[in-house]
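Working notes for the structure below.
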Amino acid sequence: SSSSTSSPSSPSSATATATVSSVEQMVSSIDPNIVRLPEPVSRAIDSSAQRVGREIRAFARGCERHIKDPWSIEDVWLIVLMQLAIDNWRRQLYEWRLKRRRRVDDGGGEGDEGGEKGPGEIEPFAFDENSFKESLLGWLGGPMKTLQAVWVTLYARDNVVVRMFGFDGGFAGGGVVSRGVGDFDLAVYTLGLGAVAVMCNQRWLPELLRTKAKIAEASLRIVLTRLVAILLSLGSVARAVALLGMPTSSILGVGGVGGLTFGLAAKDVVANFLGGTMLAILRPF
């Protein structure tokens, strides 16, 4: 017969096991919630966050539903209204603000019964085109024209291409197939939003870099602003093409081949640009 012998555990092994167990108990007993809110307050915060999330999702669905709504023939009034706002209403609002500001600065008085001018009345002034272009109302012309171009594109597409010729196509698997109107609408709005984002970047990012990031070099601010503009443009174009139905793999493939072709054809220009960017960022001298 065979007999089996069992050797007791060594004292060092037993000590190590006990140490590990005590460490595990100590770690498990630690409460990571150092600051704990009362249960009613925590439930109220969770409920508020969920309600806000539902409202945001409902707002997004409503916006998407309105975007996908086809344009009718009579909707041309909206495009005309936007043109009036671009050409006339911005300038009239700018003049009104200037006159009101000058009247407040002069004391806000009124003329008396004899027809003499009071201290608050202002003399006629010539419209300053340069100051208007530099103002916020002047800058708003760019986003408003972009939105108008989006509306004109969708109006022409829904009323000419779709209703008159019956064509409603998109990309899928490399071919043109029938797709919904909403995909095209979302793609055009995405391009318009990307253009507006680039305009906002060009107007406000350099000042934010100077005041908030404390970047004093104008060349570095210009480089960073242009890089952000390029990223915004590429992102909006890629998203718009994806909404039209082109697969993401095809977008990446076309982008890779196009980037390689452009790099080989304009390698000197790209090298100079990258060199200037590195000099503006690193500033070795």
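The values are calculated or read from the model by the stated rules, or taken from the named source; none is laboratory data. Just so it is clear, the model here is predicted, and its values are computed rather than measured. Reconstructed Cβ throughout: ideal geometry from the backbone, glycine too, with neighbour counts over all protein chains shown. To get the accessible areas, we keep the full protein, side chains included, count just its heavy atoms, and leave off ligands, DNA and RNA. Shrake-Rupley method; radii C 1.70, N 1.55, O 1.52, S 1.80 Å.
In the neighborhood of LEU137, defined by Cβ-to-Cβ distances under 9 Å, what is the net charge if each Lys or Arg adds +1 and each Asp or Glu adds -1?
Computed value for this residue: +3.
Could you work out the mean projected area of the convex hull around the alpha carbons of the range 43-101, in square nanometres to one decimal?
7.6
Please work out the ratio of the alpha-carbon Rg of the range 192-249 to 2.2 N^0.38 Å and round it to two decimals.
After normalising by residue count via 2.2 N^0.38 Å, the value is 1.38.
When the chain is fully extended, how far beyond the present Cα-Cα distance does ARG43 get from VAL160, taking 0.36 nm per residue of separation?
Answer, rounded to one decimal: 36.7 nm.
On the protein heavy atoms, probe 1.4 angstrom, tell me the percent of accessible surface of the range 37-101 carried by carbon and sulfur.
With neighbouring chains kept in place, the figure for the range 37-101 is 60 percent.
Order PHE167, PHE59, PHE132, PHE184 by their accessible area, 1.4 angstrom probe, all chains in place, largest first.
In descending accessible area the options line up as PHE59, PHE167, PHE184, PHE132.
Starting from 0.36 nm per residue, how many nanometres of slack lie between ASN88 and ILE230 once their C-alpha separation is accounted for?
47.9 nm is the gain from fully extending ASN88 to ILE230.
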